[in-house]
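K.L.:
I have a structure here, written as structure tokens, and I will follow up with some questions on it.
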Amino acid sequence: MNVIEVSDQTFEADVIRRSYEVPVVVDFWAPWCGPCRVLGPVLEGLANESKGDWVLAKIDTDANQAKAQEYRIQGIPNVKAFVNGKVVDEFSGALPKHMIEQWLAKVIPSASDKELAAARGYLADHQLAKARAIFERLNQAEDRNLEAMIGLAEVAIGECLDGEEAKFSEALGILESITDAEEALIEQDFARVWLLVEGYRQLSAARERWGGDPRTSLSKEIESSPRDPEFRWMMAMIEGAAGEKERALQHLLEIVKFNRGFRDDGARVAMVRIFKILGDDDPLTHRYRQELGRWLY
């Protein structure tokens, strides 16, 4: 059913838990509310047209005051979209149909969004061939689909780690083709994949020089030449790609301190990209952003 009635008692099952399977749009309304009677049929029509892409759940706030209080409903109609158990967007009032359609387009995943999610799931499970097939299809269907492009770069690095070293040029070529303006649109994903690509490049170079896991040899080089930016850069990229973000930031900060011009300010740029991967609220971002600021100004 695309339109359901819910209550305080059924809200957890019919809205919260169900929103992990499909987006649920909740219409908080009441029988006496004139705008609610205008909005309701519009929402119901859109839900039925969606063919199951999302579910409309209607809740009478007079009969179900607990949920109205929990979600701080100040006026009705109030419409909230739930995805993965959480409210992701909302609006109040009887909006016209075209504005509701625009709002739904923001909160309801499109077919390509669903395919991207599937490809990322395959990537997380290291099912690289399946992920590649989806990313390539999306990239062919839409010129410069940035999410698909960055996904292909990540697949290529995974294939490199599986022994297909020739795929490195594909990953690097994709990153180099993305403009600064395009990078800003996908900055977190770009930063994450850039670190994987640069980490693989530095790991390959270090293995050619020292063999095996080169970090022990690199540590000795850094200990004997602590201000040599090349060794610190190599270690920072290898550690960062391996998930050791704090160690990477430590080495990059040392480069900023003593070799600011190295790689055209590359250490600072790399730190900023790691901040984007971590997010603004991460303690490491707070700490090292302050440390970086002390040496820049």
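Coordinate-derived values only; no laboratory data. In this text the structure is predicted, and so the values were computed from the model without any measurement. When we count neighbours, we look across all protein chains shown, and the Cβ atoms used for this are built from the backbone with ideal geometry, even at glycine.
K.L.:
By counting other Cβ atoms within 10 Å of each Cβ, how are Trp194, Trp233 ranked from fewest to most?
P.N.:
Lowest count first: Trp233, Trp194.
K.L.:
Starting from the Cα gyration tensor of the range 135-182, take the square roots of the eigenvalues, sort them a ≥ b ≥ c, and report rounded, prolate or oblate (rounded when a/c is under 1.5, otherwise prolate if a/b is larger than b/c, else oblate).
P.N.:
In terms of gyration-tensor shape, oblate.
K.L.:
Take Tyr71 and Asp53, extend 7 Å from each Cα along the Cα→Cβ direction, and tell me the distance between the two endpoints in nm.
P.N.:
2.1
K.L.:
Among Tyr122, Tyr200, Tyr20, Tyr297, rank each residue by its count of other Cβ atoms within 10 Å, from fewest to most, as a rough exposure measure.
P.N.:
The most exposed by this proxy come first: Tyr297, Tyr20, Tyr122, Tyr200.
K.L.:
From the C-alpha gyration tensor of the chain, pull out the three semi-axes of the equivalent ellipsoid (sqrt of 5λ each), sorted largest to smallest, in whole Å.
P.N.:
49, 23, 16
K.L.:
Helix-derived [θ] at 222 nm for the chain: sum -39500 (n - 2.57) over DSSP H runs of at least 4, divide by residue count, nearest 500?
P.N.:
That comes out to -19500 deg cm²/dmol.
K.L.:
Once each part is reduced to its C-alpha centroid, what is the distance from the range 1-80 to the range 209-227 in angstrom?
P.N.:
Taking the Cα centre of the range 209-227 as reference, the centre of the range 1-80 is 60 Å away.
K.L.:
Cut-off is 10 Å between beta-carbons; in what order do Arg268, Arg247 appear when sorted fewest neighbours first?
P.N.:
Arg247, Arg268
K.L.:
Taking θ as phi - 60°, what are the ³J(HN,Hα) couplings along the range 90-107 by the Karplus curve (6.51, -1.76, 1.60), each to the nearest whole Hz, with x for Gly and Pro?
P.N.:
7, 8, 10, x, 8, 5, x, 4, 5, 6, 5, 4, 5, 5, 4, 4, 6, 9
K.L.:
On to the next question. For Trp54, what residues show an amide H to amide H distance below 5 Å, using hydrogens built from the backbone and excluding near sequence neighbours?
P.N.:
Amide H neighbours of Trp54: none.
K.L.:
So what are the ³J(HN,Hα) numbers for the range 122-137, from phi and the Karplus equation (6.51, -1.76, 1.60; θ = phi - 60°), rounded to whole Hz, Gly and Pro as x?
P.N.:
4, 5, 4, 8, 6, 8, 5, 5, 5, 4, 4, 4, 6, 4, 5, 5
K.L.:
By DSSP, what percent of the beta bridges with both residues in the chain are antiparallel, rounded to the nearest 5?
P.N.:
55
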